[in-house]
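Taking it in order: structure first as structure tokens, then the write-up.
Since every read-out is calculated from the coordinates, none of them should be taken as a lab result. Treat the numbers as computed from the prediction; the structure is a model and nothing was measured. Note that we place each Cβ from the backbone using ideal geometry, even for glycine, and neighbour counts take in every protein chain shown.
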Amino acid sequence: MNNKLQTASVASYREASNLSQKLQKHQAFEAELTANRGQLDAVIKEGETVLSSSRGSSEVIETRLKDLKDLWTLLSEMSTNKGQRLQEAIQKQTFERNVGDLETWIGEVETVLASDDCGKDLKSVLNLLKKHQLLESDIAAHEDRVTEILQQADAFVQADHFMKDEIAERAASVFERFALSYFM
């Protein structure tokens, strides 16, 4: 059981690489724990039977049974925690991908808005005005994505995600950049 405790205690969710594979491996680990629960129950039952029928060294048996139950509880809690953290890491990875896409788009908008081109004649001014109106429409259309990212970040904070502070910072940063491009 100590080997299983060691496996459950490895914080592999902190490394963003291969999270899906890590989750699959962890799910197999949890399935193994579930499969072995019957053996544990049988050992505990046998120990309790021996304990109820013996008159002598019951303290040793009681201690061993208690230790076994405590180790199993700890192992179960650690395994559940690790599974939850792996799920959270995958959620953060998806969040980061969405934020990265939005930041790329914001960067493109910032580049367009930073242009000094005001047109040389009426035709070019009208073309620039049309492009600017399309850009304003595009910015307004992306407002929902920014709102969604802020809501996701808030949900992560409310759920006490293990990386909630970093997620909240990223969402605030994207919102700030978006707001600047929106009001330029």
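Can you report the number of residues in the range 29-72 which are surrounded by 10 or more Cβ atoms within 10 Å (Cβ to Cβ), part of a helix (DSSP H, G or I) and of a type in the set (Gly, Ala, Ser)?
Residues meeting the conditions: 4.
In the range 120-151, how many are of a type outside the set (Asp, Glu) and not in a helix (DSSP H, G or I)?
Selection size over the range 120-151: 1.
Which of (1) exposed (fewer than 14 other Cβ atoms within 10 Å of the Cβ); (2) in a helix (DSSP H, G or I) is the odd one out, the single condition residue 16 does not satisfy?
All conditions pass for residue 16, except number (2).
Residue check: is residue 173 part of a helix (DSSP H, G or I) and either in contact with a helix residue (DSSP H, G or I) (Cβ under 6 Å, 6 or more places away or on another chain) or farther than 30 Å from residue 31 by Cβ (or both)? Don't jump to the end; show me each part of the working.
Values: part of a helix (DSSP H, G or I): yes; either in contact with a helix residue (DSSP H, G or I) (Cβ under 6 Å, 6 or more places away or on another chain) or farther than 30 Å from residue 31 by Cβ (or both): yes.
Spelling it out, residue 173 is indeed part of a helix (DSSP H, G or I) and either in contact with a helix residue (DSSP H, G or I) (Cβ under 6 Å, 6 or more places away or on another chain) or farther than 30 Å from residue 31 by Cβ (or both).
Which residue, of 88, 96, 77, is closer than 21 Å to residue 181 by Cα, part of a helix (DSSP H, G or I) and charged (D, E, K, R)?
Working: 88 fails: closer than 21 Å to residue 181 by Cα; 77 fails: closer than 21 Å to residue 181 by Cα.
Among 88, 96, 77, only 96 is closer than 21 Å to residue 181 by Cα, part of a helix (DSSP H, G or I) and charged (D, E, K, R).
With 154, 117 as the choices, which residue is free of Cβ contacts under 8 Å to residues at least 24 places away in the same chain, among the charged types (D, E, K, R) and not in a helix (DSSP H, G or I)? Steps first, please.
Values: 154 fails: not in a helix (DSSP H, G or I).
The conditions single out 117.
Taking the range 1-13 as the search range and keeping residues that are farther than 23 Å from residue 94 by Cα and either touching a Cys at 6+ places or on another chain (Cβ under 8 Å) or among the hydrophobic types (A, V, I, L, M, F, W, C) (or both), which one is surrounded by the most Cβ atoms within 10 Å (Cβ to Cβ)?
Once the filter is applied, the top-ranked residue is 8.
Kindly list, by first and then second residue, each pair from a residue in the range 127-148 that is free of Cβ contacts under 8 Å to residues at least 12 places away in the same chain to a residue that is exposed (fewer than 12 other Cβ atoms within 10 Å of the Cβ), limited to pairs with Cβ atoms under 8 Å and residues at least 6 apart or on different chains.
Hits for this filter: 128/117; 128/118.
Only one of (1) in a helix (DSSP H, G or I); (2) within 25 Å of residue 22 (Cβ to Cβ) fails for residue 160. Which number is that?
(1)
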